[in-house]
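Here's the structure we're looking at; comments come further down.
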């Protein structure tokens, strides 16, 4: 059966001050009327029922996620004892799925993307499931045709086309590429053979566990120890001890960059990874002066700004150009748009000053 695993352990520091430790980006409503994680569940539709949906997150977020997703069985919200990147997250989820369904296929996805067409997304997952049933050792990923030479995304270089999948364009993966510099990104886009890496994968639970055993044995030995105690009285204690002992690594480094049998489906759904405040310019139609606004904004000759006000608050800007202005009940961010990556530094600065109530 098909299982959906949603990775929701990120902290979303680039969305401070709206994103906080106990209310990170995936719990915020940045587009539409539902939070990011609610929208991720919504787009699964009837393809995967709640009984086969799993959230893997930081243990401190379990209750907040359960509150937002009341239809999801509480035991399907898995709290990691500590942050250890995506390979241990995937390994833990695969062990749990494999225990429940030894023939299970996992669709693994982030919790904080915007995908406009639910139908197209579900069709893509169904095609991926079919590809895995044809070859259970196969790993399937999704490539987004690049709209511009992005430096903030990883890329997938496609190889030879393969012949299954109906109307979908499906290719062998030639190589995964890390986030490039501007010139390299421009060359990727110009070549026509690269996709943005959406970070969405399908595989059999047993296949990814075998791949971790072969390619990341130091991670796998701890996952194996956890798996051996699932359903036993000492499971929680084992999870706490063994997961904390893992040296974190991304699933891309641990498996994807070396695994040989990977195919990429060219995605035909609109996609945005909502990585920073600048995403609001793509998700909300700018006004006549290029300002992307959420909330109440009174503008006097400001242009190309991003403005986000909390409910009941009004932001007034005068003669601002290319700025980010974000207001919450207890903090306000004002920064040039081209300095958005430095928003991460705010968290450390607040920690250094002991302002933990703002984290």
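Do you know which residues across segment 220-246 are free of Cβ contacts under 8 Å to residues at least 60 places away in the same chain and either part of a loop (DSSP other than H, G, I, E, B) or buried (at least 21 other Cβ atoms within 10 Å of the Cβ) (or both)?
Passing the criteria: 228, 229, 232, 233, 234, 242, 245.
Does residue 64 fit the bill of being under 26 Å from residue 11 (Cα atoms), surrounded by fewer than 22 Cβ atoms within 10 Å (Cβ to Cβ) and under 19 Å from the mean Cα position of the chain (by Cα)?
Here the answer is yes, as residue 64 does meet what is asked.
Of the conditions (1) closer than 27 Å to residue 92 by Cα; (2) surrounded by 15 or more Cβ atoms within 10 Å (Cβ to Cβ), residue 277 clears all except one; give me its number.
(1)
Can you name the residue in segment 150-202 that is over 30 Å from residue 89 (Cα atoms) and in contact with a helix residue (DSSP H, G or I) (Cβ under 8 Å, 6 or more places away or on another chain) and, of all such residues, is modelled with the highest pLDDT?
Only one residue fits best here, namely 166.
So residue 245 ticks every box in (1) under 23 Å from residue 347 (Cβ atoms); (2) within 26 Å of the chain's Cα centre (by Cα) but one. Which box is left unticked?
(1)
Is it fair to say residue 298 is assigned to a strand (DSSP E or B) and over 21 Å from residue 154 (Cβ atoms)? If you could, list the steps in order and put the result at the bottom.
Working: assigned to a strand (DSSP E or B): yes; over 21 Å from residue 154 (Cβ atoms): yes.
Yes, satisfied.
Tell me, please, whether a residue that is touching a strand residue (DSSP E or B) at 6+ places or on another chain (Cβ under 8 Å), within 30 Å of residue 135 (Cβ to Cβ) and in contact (Cβ under 8 Å) with a residue 40 or more places away in the chain can be found in segment 273-288.
yes
Quickly run through segment 52-81 and pick out the residues that are in a helix (DSSP H, G or I) and either in contact (Cβ under 8 Å) with a residue 60 or more places away in the chain or out of contact with any strand residue (DSSP E or B) (no Cβ under 6 Å at 6 or more places or on another chain) (or both). Spell out how you get there, then give the answer.
Quick first cut of segment 52-81, residues in a helix (DSSP H, G or I) only: 52, 59-68, 74-76.
60, 61, 63, 64, 67, 68, 74, 75, listed by residue number.
The values are calculated or read from the model by the stated rules, or taken from the named source; none is laboratory data. Not measured: the values here are computed from a predicted model. A quick note on method: Cβ atoms are made from the backbone with ideal geometry, for glycine too, and the neighbour counts reach across all protein chains shown.
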